[in-house]
Amino acid sequence: MADDALYAFEKIPHRRLSIKVNRGKFFSALVAEIQAFSEQADGKTALSLADLGTFPDEEIAAMIPVVVSDCQITLVNNHVYGQPPFTMHPIELFPIDIPALSIFNMFNGMTTIADASQCLALETGWDLDHAFAYTRGVFLWLVLAGICRPSGF
C-alpha cells in the first residue's frame, strides 16, 4: 500500500492554488489573466483555476471534472503518470492501489465531484465528508498538475 501521508488528498487546504506555468503556456496564461482582470474591471466575476482552492465545498461539489485535451495518461511501475500538453516529462500522480485511481476514472466529463464522492464513500466505507474531502483533494491536485480542469472552465 502507498504511503498514506504522501497521498493524503483529503488534507489539501482551502486556499488559492499555486499553479506553475511552463514557457509553452506562458502567453496563453498571461492572456487569460489579462482577460480576467478586464472582466473584473467591467464588474463581472472573473475566475481562474488558481481560485478553485478557495471555492466553497458546495460549488466544488457541483463541478464536473474533465481531463485536459491532449493530456497523456500512462501506467508505469504501478503508478499513474500524466503529461499535460506542451510539457517535456510526465508527472507521477499516484499509485494504483489507492482510492485516487477510482476517483480519477470518474473524472470523465459527466460525473460531478459530489457523485464521485458518494461512489467513493460506498467503495471505501468512509463517511461522506471524508470521501468528499478526498475527492476534492484529488481534483485540486490534478488541476495543479495540469491534468484536469472543471468542465466549461
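Quick note: the coordinates plus some simple rules give every number you see, no bench work behind them. Being a predicted model, the structure only gives us computed values, none of them experimental. We place every Cβ from the backbone using ideal geometry, glycine too, and count neighbours over all the protein chains shown.
Points worth noting:
- Debye equation applied to the C-alpha atoms of region 73-153, log10 I(q)/I(0) at 0.20 Å⁻¹: -0.90
- Between Ala8 and Val68, the modelled labels are 2.7 nm apart [label points 7 Å from Cα along Cα→Cβ].
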